[in-house]
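Since the structure comes first, as structure tokens, the remarks are kept for the end.
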Amino acid sequence: MGILNFTPDSFNPASRVVDNGEIKERIEKMFADGADMIDIGGMSTRPNCEVISAEEEWERLLPALKVMEKHFPDKIFSLDTYRAEIASRAVKEYGISIINDISAGDADPKMFEIVAECRVPYIIMHGAPSPQTMHDRPQYSSLTGDILHFFSEKVNKLHSMGISDIIVDPGFGFSKSVDQNYELMEHLEEFKIFDLPLLVGISRKSMLWKYLDITVEKSLNGTSVLNTVALQKGADILRVHDVVEAVEVVKICRKLNLTD
């Protein structure tokens, strides 16, 4: 899953699309590089980011949605949003394939209803109950156990509403310290208990560059290392800024029978 951000302040400047004229070119390159799908977002989720209005989020997304509809109707795109109204419009008006909700329905109580109505795959992530608290670090009685319990409740709720096409994202970088992110990676295989696709998004995140004492720009090597570990531990989808390098990781892991 390649990442394209239509925001002026995402934490990785290279992922930002600041000129609407380059949207088609950036999408074409990601698919040519080997992406199976592309995740787009209109609002940054970096620490201390500005929470923008739904109207502004939609205006940022609209040029990309129009390009996707016109030039890439058969490709898979996911939309990174926690707002039900944005999700609904993107699916119904522009055919977005997947909703990627960092709040797992907590930021907008209507989100589960919209997903059920639209009948699209739904990515639920741990760690961002609201835009204001998504980088707070709560106390865990047992990090992995608490997150597993969180997902068990969410999955049961979704199933009760007739939603079965669910993807689980443990939420690396959200509401977790650097050490807790590595602890979570150590126990990643435990999330296969749900028998649902597992998405891992650690691309160039602070758990890498803070721990290694480097910059975001120099964190690609560390990203590849952790993506390799994630695949060994059962990850099905890698959400990445650097598609070529991630595809190489997947190919080598498959050659060594380290992943399905």
Quiz item: When residues of the range 82-103 are filtered for being farther than 22 Å from SER53 by Cβ and either of a type in the set (A, V, I, L, M, F, W, C) or buried (at least 24 other Cβ atoms within 10 Å of the Cβ) (or both), how many remain?
Solution: 1
Practice problem: For SER78, state whether it is among the polar types (S, T, N, Q), assigned to a loop (DSSP other than H, G, I, E, B) and touching a residue at least 12 places away in the same chain (Cβ under 8 Å). | Solution: no
Quiz item: Does the range 184-196 contain at least one residue that is surrounded by 15 or more Cβ atoms within 10 Å (Cβ to Cβ) and within 15 Å of ILE3 (Cβ to Cβ)?
Solution: no
Quiz item: So which residues in the range 119-142 are crowded, with 17+ Cβ neighbours inside 10 Å and at pLDDT 95 or above?
Solution: VAL120, PRO121, TYR122, ILE123, ILE124, MET125, HIS126
Practice problem: Could you pull out every one of the helices (runs of 4 or more DSSP H) wholly within the range 179-260 that has 2 or more residues that are within 18 Å of ILE102 (Cβ to Cβ)? | Solution: 206-212
Exercise. Of the numbered conditions (1) more than 19 Å from the chain's Cα centre (by Cα); (2) among the charged types (D, E, K, R); (3) more than 29 Å from LYS210 (Cβ to Cβ), ASP108 fails exactly one; give the number of that condition.
Key: (1)
Practice problem: Go through the range 151-162 residue by residue and tally those that are surrounded by fewer than 19 Cβ atoms within 10 Å (Cβ to Cβ), over 13 Å from ILE193 (Cα atoms) and touching a residue at least 40 places away in the same chain (Cβ under 8 Å). | Solution: 3
Practice problem: From the list LEU79, LEU62, pick out the single residue that is within 25 Å of GLU22 (Cβ to Cβ) and buried (at least 23 other Cβ atoms within 10 Å of the Cβ). | Solution: LEU79
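The values are calculated or read from the model by the stated rules, or taken from the named source; none is laboratory data. Note that the coordinates shown come from a computational prediction; the quantities given were computed from them, not determined experimentally. Neighbour counts run over all protein chains shown; Cβ positions are idealised from the backbone, glycine included.
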